[in-house]
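A.B. asks: Got a structure for you, written out below as structure tokens; questions coming shortly.
The values are calculated or read from the model by the stated rules, or taken from the named source; none is laboratory data. Not measured: the values here are computed from a predicted model. FYI the Cβ positions are ideal-geometry reconstructions off the backbone, even for glycines, and counts take in every protein chain you see. The area values use the complete protein model at the heavy-atom level, side chains included, leaving out ligands, DNA and RNA. Shrake-Rupley method; radii C 1.70, N 1.55, O 1.52, S 1.80 Å.
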Amino acid sequence: MSAGALTPGTVSDAAGLTLAHEPLPAADVRRGEPTAGAQDLGTFSGVELGVWEMSPGVAADTEEDEVFIVLSGRARVDFEHPSLPSIDLGPGSVVRLTEGMRTVWTVTETLRKVYLVCP
């Protein structure tokens, strides 16, 4: 199994990767002391692929053009801009975000996702 970039014919255990966490920027934290970690798995036809994780807490974010699949954990995402209904996330959730969306993530159980970010 590969811990880094995926190359043709290799496999990565996205659920089992050890991710080094760092505190989120203080300006983004709304409650708690959430941390996040990520592992870049490379690019495929110009699309970035990786694994990202956030520990429990509440933090704001400005999104990229992204699709992700939740592997584990639980969270709610509230949309500040544009104003959209909140979504609840759990294992198997597939979500599409667009660049510039302002979101607030309330993570209640460490959330791990596999993401695809479009250029």
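A.B. asks: Given the structure, is Arg112 basic (Lys, Arg) and within 19 Å of Leu19 (Cα to Cα)?
C.D. replies: So Arg112 fits the description; yes.
A.B. asks: Please enumerate the residues belonging to the stretch 44-70 that are surrounded by 15 or more Cβ atoms within 10 Å (Cβ to Cβ), under 28 Å from Val11 (Cα atoms) and over 13 Å from the mean Cα position of the chain (by Cα).
C.D. replies: Val47, the sole residue that qualifies.
A.B. asks: Just one of the numbered conditions (1) at pLDDT 95 or above; (2) over 18 Å from Leu24 (Cβ atoms) is not true of Val107; which one?
C.D. replies: (2)
A.B. asks: Go through (1) within 18 Å of Arg112 (Cα to Cα); (2) in a strand (DSSP E or B) and name the single condition Ala20 misses.
C.D. replies: It is condition (2) that Ala20 fails.
A.B. asks: Within the stretch 94-119, work out how many residues are open to solvent by less than 30 Å² (accessible area, probe 1.4 Å) and either of a type in the set (A, V, I, L, M, F, W, C) or out of contact with any Gly (no Cβ under 7 Å at 6 or more places or on another chain) (or both).
C.D. replies: Residues in the stretch 94-119 being open to solvent by less than 30 Å² (accessible area, probe 1.4 Å) and either of a type in the set (A, V, I, L, M, F, W, C) or out of contact with any Gly (no Cβ under 7 Å at 6 or more places or on another chain) (or both): 11 in total.
A.B. asks: Now, a different point. Tally the residues that are on the phi > 0 side of the Ramachandran plot and either surrounded by fewer than 14 Cβ atoms within 10 Å (Cβ to Cβ) or acidic (Asp, Glu) (or both), restricting the search to the stretch 71-93.
C.D. replies: Final tally of qualifying residues: 1.
A.B. asks: Something else about it: Would you be able to tell me the number of residues in the stretch 28-50 that are part of a strand (DSSP E or B) and under 26 Å from Thr106 (Cα atoms)?
C.D. replies: 13
A.B. asks: Strands (runs of 3 or more DSSP E) wholly in the stretch 59-119 with at least 3 residues that are hydrophobic (A, V, I, L, M, F, W, C) and in contact (Cβ under 8 Å) with a residue 40 or more places away in the chain - which ones?
C.D. replies: Ranges flagged: 66-81, 102-117.
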